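The values are calculated or read from the model by the stated rules, or taken from the named source; none is laboratory data. Note that the structure is predicted; figures quoted are calculated from it, not measured. Virtual Cβ from ideal backbone geometry, glycine too; neighbours counted across all protein chains shown.
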Number of protein chains: 2
Amino acid sequence: MTKERITVVEIAHAAGVSKSTVSLVLQGSSLVNEVTRAKVSAVIRELGYVYNRGAANLRQSNSKSKIIGIVVNDLTNSFFAELAVGVDDVVQSAGYVQFLSNTGESVDRQREVIASMREHGISGLIVSPARGTEPADLKPLVASGIPVVVVVRNIQGAKVSSLMSDNHAGASAAVEHLVALGHRRIAFLGGFPDTAVFAERLVGYQTALKSADIAFDASLVISSAPSRAGGVDAIDRAVRLGDRPTAALCFNDAVAFGVCDGLRANRLEPGADFGVIGFDDVIEAKTAVPALTTVSVDPQGMGRRAAQLLLKQINSGNADPEALVGSVRLVVRESSGPARRDVEKRTA
Amino acid sequence: MTKERITVVEIAHAAGVSKSTVSLVLQGSSLVNEVTRAKVSAVIRELGYVYNRGAANLRQSNSKSKIIGIVVNDLTNSFFAELAVGVDDVVQSAGYVQFLSNTGESVDRQREVIASMREHGISGLIVSPARGTEPADLKPLVASGIPVVVVVRNIQGAKVSSLMSDNHAGASAAVEHLVALGHRRIAFLGGFPDTAVFAERLVGYQTALKSADIAFDASLVISSAPSRAGGVDAIDRAVRLGDRPTAALCFNDAVAFGVCDGLRANRLEPGADFGVIGFDDVIEAKTAVPALTTVSVDPQGMGRRAAQLLLKQINSGNADPEALVGSVRLVVRESSGPARRDVEKRTA
DNA sequence: TGACAAATTTGGATCGTTCCAATTAAATAT
DNA sequence: ATATTTAATTGGAACGATCCAAATTTGTCA
């Protein structure tokens, strides 16, 4: 029931030094003598002192607040959950703590949480912007010199750092693989067409088709929500097509899982009767049945990189925009299936 | 570009009032005249003032910090991700912002992040404790009067509020359902046996068996990591048993998905050849193929309830422990399968 | 031993807000 | 009109740390 907070002055008094000295000890300054440091540290531990960062921040620039913010648009998507874990990982080790907020694709909510984080004096922000985010939404932040790193989705025209995965290369590698397996009718399933990520992956898909001399067929591009349910929906529509596809590159892993589900509901076995490739390489991808062939972007690694970039900018006091692109590689597992030779329709 | 911060004094000066008045309008006090309030608000907007909560907290008790902490042991498990979303949801609407940290089951990490959150002056904490957490780990927090709500896993002997789901009732309802379908060899798969949650679910399982006059067979209890991979592992072992089970209650949905994967790898179709029931009702449960029969605990709802309980305690200044148990219901989908045809008749 | 430099320590002043008691302005009662 | 409420406003002292310049102690060297 201790209502009284213990402060530096009380520590100072108990240790027989001045509050300035205590402060020096707290900051690990080399100016203080080894023996007094020991004494003060002992008293600190003994009295159960807890540092008041709020008070400290008042006097320091808020790049020292040791708080970073991270806002994602859908934490229930394990891609973002893992991204957050990656960020948390490096941020924790650096002695920071993170504000984490979920926007659920609402720009209003996003504006609110960013404002709130700003009031709390975050030293930096990592954001996977909600659809429809505009440069103006981040403007005040960058204007006040707070580093911002945009991940996953870009914001056209915003003068902030970004970390995007190489969507073009990934999509095109995936399609090349399907082509190599003998597929010619390859669909592109899922995702919202009005996003930059969708556009980039679609272009990668088209590039690969073109270099394989396969004509692009717009009816094979079936968009939907970038979720498992969206995947079920997309494959259902794909299967009803006149000249149905034999394989698909999916917008992301969630869609790919949905596509597998939908395939089975249509008595088709993913990997055997239809080639499926995802995007993201979420953890479940490797343990799923069939194991998902997917473009690995390593969400945790991406989170870690974003955090490192942000911390670098915070520490250097230099928030000049920097655009990183995360490398990407195709990991071939089972869902893309074996090479086609004929119409092999086999049921188990 | 370090733009200097605008403070109340500057607002006061620009609006021709005193800083005290500005403070009053900031807090929405009814003491200030409507016309001056309007004038001040206008200036605030005009100059792009941002409130400095750190400074405010210095003067107020830290139950007003508008920060709550949430620490989970595994954010990559979608149960916890959803829990966090539920918490974020109510907490955001109440004008709070949350510190979110992941411990990865490390008590050391947990200790660190809790200490760090405390330095930042959180008004309350929601924690799903890492395995091996002791009451002492939360002691300092409660001693300083900061409300704590423990979720999912309990901590024996800690004087804090808790919100646990009704594991006993859920497990037993699940087993009753399998019995009603005609199963007699029912396994309990996955989970770490040294946790309270495991124990509770196991007892529920046993209770249901007993009331169905089925002898408990310890070899049917196969523990493993509570993850998808753990599920694959557990079912592999179960399938090699002499008198193999025909159905299983799984420790959680992640395990259940793994069990489905493992079943298929063994040429058994979940739902047709083997009944599978999960626990948690993660979002993927309803869209999976087969759709997972599971004990619904509504993770988001649980997060919301935990947050509400915490906010109530923060606002009332009353942190007396309160133990809530979350109701639970069996949602029957496909993975538990139809009634067995070869059901042996028994006296009713 | 005294002078001078280096190593430590320290007393305010300060950060941006809230709180309190005190002041002033406006409204009402006498 | 004056006295008395009531409504609005205000200056200054907190809150708990850091920072700076100045003061103190210690060490070194002629």
* **Filter pass, A:Gly124 being assigned by TED's automatic domain parsing to the domain that holds A:Gly271 and under 21 Å from the mean Cα position of the chain (by Cα)** => no
* Structure fact -> When every residue in region A:8-27 that is within 10 Å of DNA strand D (Cβ to nearest atom) and loosely packed, with under 14 Cβ neighbours inside 10 Å is compared, the one farthest from the other protein chains (Cβ to nearest Cβ) is A:Ser18
* Filter result for A:Glu105 (within 22 Å of B:Ile67 (Cα to Cα) and either more than 11 Å from every other protein chain (Cβ to nearest Cβ) or in a helix (DSSP H, G or I) (or both)) -> no
* Which residues, taken from region B:61-93, are more than 9 Å from chain A (Cβ to nearest Cβ), at pLDDT 95 or above and not in a helix (DSSP H, G or I)? -> B:Ile68, B:Val71, B:Val72
* **Unmet requirement for B:Gly262, which otherwise passes all of (1) surrounded by fewer than 24 Cβ atoms within 10 Å (Cβ to Cβ); (2) more than 20 Å from the chain's Cα centre (by Cα); (3) within 14 Å of another protein chain (Cβ to nearest Cβ); (4) of a type outside the set (Lys, Arg)** => (1)
* Does region A:218-229 include one or more residues that are among the basic types (Lys, Arg), within 14 Å of chain B (Cβ to nearest Cβ) and crowded, with 16+ Cβ neighbours inside 10 Å? -> yes
* **Criterion: out of contact with any helix residue (DSSP H, G or I) (no Cβ under 8 Å at 6 or more places or on another chain) and either surrounded by fewer than 23 Cβ atoms within 10 Å (Cβ to Cβ) or closer than 30 Å to B:Pro140 by Cβ (or both) - qualifying residue of B:Val239, B:Val289, B:Val332, B:Val325** => B:Val325
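Residues checked against (1) surrounded by fewer than 17 Cβ atoms within 10 Å (Cβ to Cβ); (2) at pLDDT below 95; (3) more than 30 Å from B:Arg240 (Cβ to Cβ); (4) not assigned by TED's automatic domain parsing to the domain that holds B:Asp273:
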site	(1), (2), (3), (4)
B:Val113	no, no, yes, yes
B:Met117	no, no, yes, yes
B:Val142	no, yes, yes, yes
B:Gly190	no, no, no, no
B:Leu202	no, no, no, no
* To do: For residues that are in contact with a helix residue (DSSP H, G or I) (Cβ under 6 Å, 6 or more places away or on another chain) and outside any helix (DSSP H, G or I), scanning just region B:38-53, find the one that is surrounded by the most Cβ atoms within 10 Å (Cβ to Cβ).
  => B:Tyr49
* Asked: Has region B:189-199 got any residue that is hydroxyl-bearing (Ser, Thr, Tyr) and touching a helix residue (DSSP H, G or I) at 6+ places or on another chain (Cβ under 9 Å)?
  -> no
* To do: Read through the list (1) within 16 Å of DNA strand C (Cβ to nearest atom); (2) assigned to a loop (DSSP other than H, G, I, E, B), then give the number of the only condition that A:Leu58 fails.
  => (2)
* Structure fact -> Filtering region B:158-180 down to residues that are part of a loop (DSSP other than H, G, I, E, B) and surrounded by fewer than 19 Cβ atoms within 10 Å (Cβ to Cβ) yields B:Lys159, B:Asp166
* Asked: When you go through B:Leu100, B:Leu138 one by one, which is the residue that is part of a helix (DSSP H, G or I) and modelled with pLDDT of 95 or more?
  -> B:Leu138
* To do: Please identify the pairs in which a residue from region B:24-42 that is touching a residue at least 24 places away in the same chain (Cβ under 8 Å) has its Cβ atom under 9 Å from the Cβ atom of a residue that is in a loop (DSSP other than H, G, I, E, B) and near DNA strand D (Cβ under 6 Å from one of its atoms), counting only partners at least 6 apart or on another chain.
  => B:Lys39/B:Val17; B:Val40/B:Val17; B:Val40/B:Val32
* Of the residues A:Pro147, A:Pro129, A:Pro140, which is without any contact (Cβ under 8 Å) to a residue 24 or more places away in the chain and either closer than 21 Å to A:Asn62 by Cβ or more than 14 Å from chain B (Cβ to nearest Cβ) (or both)? -> A:Pro140
* To do: Kindly indicate which of A:Val255, A:Val232 is modelled with pLDDT under 95, β-branched (Val, Ile, Thr), assigned by TED's automatic domain parsing to the domain that holds A:Ala285 and buried (at least 18 other Cβ atoms within 10 Å of the Cβ).
  => A:Val232
* To do: Look at A:Val255 and say whether it is within 14 Å of chain B (Cβ to nearest Cβ), under 30 Å from A:Ile155 (Cβ atoms) and touching a residue at least 24 places away in the same chain (Cβ under 8 Å).
  => yes
* Asked: Residues of region B:8-50 being of a type in the set (Asp, Glu) and within 12 Å of DNA strand C (Cβ to nearest atom), which ones?
  -> B:Glu10
* Given the conditions (1) assigned to a helix (DSSP H, G or I); (2) more than 10 Å from DNA strand D (Cβ to nearest atom); (3) surrounded by fewer than 14 Cβ atoms within 10 Å (Cβ to Cβ), and given that B:Val35 satisfies all but one, which numbered condition is not satisfied? -> (2)
* To do: Please list, ordered by first then second residue, the pairs with beta carbon atoms under 8 Å, 6 or more apart or interchain, first in region A:188-211 and in a loop (DSSP other than H, G, I, E, B), second surrounded by fewer than 16 Cβ atoms within 10 Å (Cβ to Cβ).
  => A:Phe192/A:Arg131; A:Pro193/A:Ala199; A:Asp194/A:Arg131; A:Thr195/A:Arg131
* Looking at region A:58-102, which of the residues that are within 16 Å of DNA strand D (Cβ to nearest atom) and more than 28 Å from B:Val90 (Cα to Cα) is surrounded by the fewest Cβ atoms within 10 Å (Cβ to Cβ)? -> A:Arg59
* Residue count, region B:43-60 (criterion: free of Cβ contacts under 8 Å to residues at least 24 places away in the same chain and within 8 Å of chain A (Cβ to nearest Cβ)) -> 4
